[in-house]
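Just below is one structure, and these are the notes that go with it.
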Amino acid sequence: MKKKLVSLLLCGALVFSLTACSGGGDMSAAANAEPAAAAEEEAAPAAEEKEEAPAADESADAAADASADSSAAGTTITVMASQDWVEDAEQELGKKFEEETGIHVDYQIVPADQYQDLLLTRLNSGEGPDIWGAQSGFALKTTYNVEENAVDLSNESWADAYSVFSAEQTGVDGKNYGLTYYDTTTDYYMVYNKKLFEAAGASVPTTFAELKDTCDKLAASGVTPIYEPMADGWHLLMLWTENAQVHDKKNPGIIDKLNNNTATFADDADMKLAVDQLKELYDNGYFGDNALSDEFADAEGYLASGEFAMCMLKPGAIKTIVASEMNTEGYTEDDFGLFLLPLCDNQYLNIHPTGPSRFIYSGSPNIDAAKQYLAFLLEKDNVQYLIDEAADVENIPVEVGQTPEYSKTTLDFLSSYDDDHSGMVLQDVVLYYNEQWMDINADLAALFIGDMTSDEVLQNIDDRRAELAAAANDANWK
Amino acid sequence: MKKEKVYPWYFVIGSVLIYTILSLVPGIMGIGYSFTDWSAYSKEIHFIGFDNFVTVFSGKKDYLRYISNTITFTFVTVIFKTGLGLLFAVALSRNIKMKNFHRGILYLPSVLPILVTGLVFTSILNPKTGFLNNFLRTIGLDFLAKKWLVDPKIAFGSVMAVDIWRGVGYIMTLLIAGILAIPDTYFEAAAIDGANAWQRFRFVTIPMLRQTLAVTIVLNVIYGLKVFDMVYALTNGGPGHRTEVLYTAVYKMMSKGLYAEGTTISSILFIFMVIIGYFMVKILTKDEVVE
């Protein structure tokens with residue numbers, strides 16, 4: 001008996017020790033944005049202290065909808081999303097929603113490198129979650145078959161408050177199927193540490209040659225130039241696509257040609273140059289020694305520590321960097337700035353109105369409860385709560401009377417680019433591209449480790465586009 | 001003479017029906033679909049002959065590398081799991097102190113869910129913050145600290161090592177059962193004839209274990225060819241595509257809605273497994289002693 005007890009305890013201890021040291025994954029999704037030109041001047045300073053989710057009486061107007069239908073009380077709705085798509089503040093709002101309606105919200109958050117495969121497997125097998133998250137844009141129709149897998153939300157109570165730009169990206173053929181619940185009013189830009197740049201004698205680059213010079217100076221000063229979290233499998237490609245506006249500016253009409261199947265990625269010298277330059281950055285060691293295993297969740301911490309000088313992040317991340325416990329140098333928000341990564345010498349601002357959005361699964365038995373949840377999130381107090389509490393959210397693409405929190409850095413940066421110096425990101429304008437986001441990231445990693453050439457990476461993009469187009473019966477690929 | 005009892009044929013109807021509906025029919029349908037263009041993007045399905053098979057074997061989409069990786073994984077893990085499993089089984093079937101404790105410890109990884117094991121090891125093997133590298137650095141063996149799951153030269157080896165660690169206890173358990181079933185009289189007779197420990201192992205244990213070994217090897221070969229969750233959890237096929245195996249590719253194809261291509265690879269694997277399984281059982285049970 002004693003022996004058995006000891007064995008049992010040892011087994012328990014081992015299982016516990018194994019599970020206890022499991023780390024968190026992470027990631028979020030790709031970019032987003034909408035011209036933040038509309039950035040309200042009255043941007044309020046970020047809330048410093050954690051507030052509680054708005055009390056029931058504060059959100060009475062919103063609760064009206066939510067509590068109207070008490071028949072859903074006691075049910076549980078599932079929200080499935082990639083990591084970083086669900087803010088802690090939203091989960092707090094979820095608790096508040098449960099208090100008001102009796103509907104429990106179960107957040108199923110999946111590591112980003114596994115999310116899309118898992119979601120599509122569930123949707124394609126008819127086992128979708130009540131609310132599923134996906135990047136808005138072209139891929140909704142082809143990859144997610146949104147017309148079959150999502151409920152039409154065109155006539156929801158919040159439809160008029162929802163950004164027209166975002167509605168176009170979550171809609172198909174005039175119907176809106178989703179809600180972009182993410183800060184798409186800005187995109188990802190290079191967030192850099194001014195003090196480290198200054199100490200290294202480096203300046204903000206505007207050409208690729210200058211970028212290399214800047215990175216060399218930073219490296220010489222003992223700082224790793226760029227934090228590039230490749231482990232998550234989604235971030236790397238942004239270095240190119242969020243700075244690919246230059247392709248269309250240099251070669252007008254290339255986007256249409258790609259979509260008409262009269263041009264290919266593999267035949268475009270500029271595309272090849274961009275991919276080659278990415279590899280050059282990696283080969284020169286500008287991403288550090290561990291880029292392949294670095295995770296997005298650690299980006300803000302590493303920038304706060306001063307170990308890395310820059311990373312492609314949303315501007316709202318600056319608040320998180322400053323607030324990080326790894327900020328032992330006492331950096332302030334003024335110590336960080338923004339610039340465009342000059343791949344192919346790009347100096348055109350990236351506009352990206354698509355982003356992680358929510359869709360209600362058409363096969364869900366809890367459609368009404370799911371609709372209630374989305375309506376609840378868009379109540380004025382709840383939108384404001386998200387903006388105040390989620391440090392990296394400066395605004396979301398709805399207008400319900402909330403006060404955005406754009407920083408002066410963000411406003412100054414965005415206002416320095418006019419319409420002639422901005423353009424939509426590649427994944428928002430090129431067909432059958434966003435669908436292969438994770439594949440291209442894997443190919444780029446293969447390029448870095450020497451398993452592929454840049455020509456093969458681009459050829460693979462073309463091949464997958466052709467495959468997707470053929471499956472979608474696209475006349476231009478016949 | 002006692003007449004051998006034969007149960008009526010209709011006793012098997014239930015199990016045959018369940019097997020047919022849940023296994024045989026979907027399997028045959030899967031093979032059928034691999035000759036079509038079935039996908040999530042179109043409601044129509046057209047017969048396209050061997051096009052999907054041509055795609056797989058043309059080398060255009062890296063499937064040949066995935067096939068090679070899968071076979072390498074199977075070969076290496078089967079050898080190590082069986083070899084180490086046999087070693088532990090022989091050692092722990094003797095009267096040594098705390099043998100049940102050791103058996104329990106070795107068997108424990110096998111009962112952990114593979115995904116959990118994979119996720120735990122992604123943390124342990126993290127080059128910067130992982131337990132293994134930190135431990136090596138602490139004891140002054142910095143040069144042994146590696147980028148276990150992202151260095152293209154060793155990533156696949158790391159995946160296989162974790163899988164061997166997880167599976168060796170299971171093999172050991174099966175082999176211990178096999179060894180304990182061998183009558184002591186064989187060993188006693190061999191000892192009387194002057195056989196040493198190695199000779200008893202070589203000429204008594206191994207031949208008497210042949211059937212158990214055949215079962216364990218076949219099971220492991222099938223497991224190796226179907227490996228998915230360990231690779232998925234540890235590297236998801238990366239870095240790049242360096243550790244991609246066939247079933248991670250199938251999963252990615254299916255989740256993209258390219259069903260026909262996914263079923264094609266599954267069909268190929270199914271045929272592989274049937275052929276390999278058949279020949280392995282045939283070879284490993286050849287000259288079997290019939291009592």
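The values are calculated or read from the model by the stated rules, or taken from the named source; none is laboratory data. All values derive from a computational prediction rather than experimental measurement. Neighbour counts run over all protein chains shown; Cβ positions are idealised from the backbone, glycine included.
Between A:K257, A:K249, the distinction of being within 26 Å of the chain's Cα centre (by Cα) and among the basic types (K, R) belongs to A:K249 only.
For the stretch A:252-273, the criterion of being in a helix (DSSP H, G or I), in contact with a Gly (Cβ under 8 Å, 6 or more places away or on another chain), more than 14 Å from chain B (Cβ to nearest Cβ) and at pLDDT below 95 is met by no residue.
Of the residues making up the stretch A:331-342, those that are buried (at least 17 other Cβ atoms within 10 Å of the Cβ) and in a loop (DSSP other than H, G, I, E, B) are A:Y331, A:L340, A:L341, A:P342.
Residues in the stretch B:238-271 that are at pLDDT 90 or above and of a type outside the set (S, T, Y): B:P239, B:G240, B:H241, B:R242, B:E244, B:V245, B:L246.
Residues are listed down the side, and each one gets a yes or a no for (1) part of a helix (DSSP H, G or I); (2) crowded, with 16+ Cβ neighbours inside 10 Å:
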residue	(1), (2)
B:S68	yes, no
B:I71	yes, yes
B:L84	yes, yes
B:F88	yes, yes
B:R94	no, no
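Filtering the stretch A:425-445 to residues that are farther than 17 Å from A:Y144 by Cβ, surrounded by fewer than 23 Cβ atoms within 10 Å (Cβ to Cβ) and either touching a His at 6+ places or on another chain (Cβ under 7 Å) or not aliphatic (A, V, I, L, M) (or both) leaves only A:N441. Restricting the first residue to the stretch B:88-108 and requiring it to be within 11 Å of another protein chain (Cβ to nearest Cβ), which pairs with a second residue that is surrounded by fewer than 17 Cβ atoms within 10 Å (Cβ to Cβ) and not in a helix (DSSP H, G or I) meet a Cβ separation below 9 Å and a spacing of at least six or different chains? These pairs meet every condition: B:H102/B:I96. Residue by residue through the stretch B:25-42, note down the ones that are surrounded by fewer than 19 Cβ atoms within 10 Å (Cβ to Cβ) and closer than 14 Å to B:S267 by Cβ. Correct list: B:P26, B:G27, B:I28, B:M29, B:G30, B:I31, B:G32. A count restricted to the stretch B:204-232 and to residues that are part of a helix (DSSP H, G or I) and within 16 Å of the chain's Cα centre (by Cα) stands at 18. Taking into account only those residues within the stretch A:95-139 that are of a type outside the set (D, E, K, R), away from chain B (no Cβ under 13 Å) and free of Cβ contacts under 8 Å to residues at least 60 places away in the same chain, which is nearest to A:L431 (Cα to Cα)? Applying the filter and picking the extreme gives A:I109. Residue-level analysis places B:M273 among those that are surrounded by fewer than 23 Cβ atoms within 10 Å (Cβ to Cβ) and either away from chain A (no Cβ under 14 Å) or in contact (Cβ under 8 Å) with a residue 24 or more places away in the chain (or both). Number of residues in the stretch A:315-330 that are of a type outside the set (A, V, I, L, M, F, W, C) and surrounded by 22 or more Cβ atoms within 10 Å (Cβ to Cβ): the value is 3.
Considering the stretch B:238-266, the residues that are of a type in the set (S, T, Y) and outside any loop (DSSP other than H, G, I, E, B) include one that is nearest to the other protein chains (Cβ to nearest Cβ), namely B:S255. The listed residues are B:A161, B:A177, B:A155, B:A145, and the only one of them that is away from every other protein chain (no Cβ under 11 Å) and under 15 Å from A:N290 (Cα atoms) turns out to be B:A145. Of all residue pairs spaced 6 or more apart or on separate chains, those with beta-carbon atoms under 6 Å, a first member in the stretch B:39-61 that is at the interface with another protein chain (Cβ under 9 Å from one of its Cβ atoms) and a second member that is in a helix (DSSP H, G or I) are B:S39/A:A471; B:S39/B:Y259; B:A40/A:N124; B:Y41/A:A471. Exactly one residue among A:T354, A:T328 is in contact (Cβ under 8 Å) with a residue 40 or more places away in the chain and in a loop (DSSP other than H, G, I, E, B), and that residue is A:T354.
Would you confirm whether or not the stretch B:111-129 contains a residue that is charged (D, E, K, R), outside any helix (DSSP H, G or I) and either touching a Ser or Thr at 6+ places or on another chain (Cβ under 9 Å) or more than 9 Å from chain A (Cβ to nearest Cβ) (or both)? Yes, the stretch B:111-129 contains at least one residue that is charged (D, E, K, R), outside any helix (DSSP H, G or I) and either touching a Ser or Thr at 6+ places or on another chain (Cβ under 9 Å) or more than 9 Å from chain A (Cβ to nearest Cβ) (or both).
Looking at the stretch A:458-469, can you tell me whether even one residue there is within 14 Å of another protein chain (Cβ to nearest Cβ) and basic (K, R)? Looking for residues that are within 14 Å of another protein chain (Cβ to nearest Cβ) and basic (K, R), one finds at least one in the stretch A:458-469, hence yes. Being in a loop (DSSP other than H, G, I, E, B) and either at pLDDT 90 or above or closer than 29 Å to B:W38 by Cα (or both): is that true of A:D451 here? Yes; evaluated as a whole, the condition is true for this residue.
The residues of the stretch B:1-54 that are part of a loop (DSSP other than H, G, I, E, B), modelled with pLDDT of 90 or more and closer than 24 Å to A:D117 by Cα, listed by number, are B:S34, B:F35.
Does the stretch A:290-310 hold any residues that are over 24 Å from A:I109 (Cα atoms) and either crowded, with 22+ Cβ neighbours inside 10 Å or touching a residue at least 12 places away in the same chain (Cβ under 8 Å) (or both), and which are they? Once the filter is applied, which keeps residues that are over 24 Å from A:I109 (Cα atoms) and either crowded, with 22+ Cβ neighbours inside 10 Å or touching a residue at least 12 places away in the same chain (Cβ under 8 Å) (or both), the stretch A:290-310 yields A:L303, A:A304, A:S305, A:G306, A:E307, A:F308, A:A309, A:M310. Applying the set (1) touching a Ser or Thr at 6+ places or on another chain (Cβ under 6 Å); (2) away from chain B (no Cβ under 14 Å); (3) of a type in the set (D, E, K, R); (4) buried (at least 20 other Cβ atoms within 10 Å of the Cβ) to A:E90 leaves exactly one unmet item: (1).
For the stretch A:140-170, give me the residue count where each residue is closer than 26 Å to A:D187 by Cβ and either at the interface with another protein chain (Cβ under 9 Å from one of its Cβ atoms) or of a type outside the set (V, I, T) (or both). Residues that pass the stated criteria total 18. For the stretch A:241-255, the set of residues classified as over 11 Å from A:D345 (Cβ atoms), of a type outside the set (A, V, I, L, M) and crowded, with 20+ Cβ neighbours inside 10 Å consists of A:T241, A:E242, A:Q245, A:H247, A:D248, listed by residue number. Applying the criterion of being aromatic (F, W, Y) and modelled with pLDDT of 95 or more to the residues of the stretch A:286-336, the residue that is nearest to B:R242 (Cα to Cα) is A:F287. Within the stretch B:130-142, if we keep just the residues that are outside any helix (DSSP H, G or I) and either more than 14 Å from chain A (Cβ to nearest Cβ) or under 24 Å from A:L447 (Cβ atoms) (or both), the residue that is nearest to the chain's Cα centre (by Cα) turns out to be B:L141.
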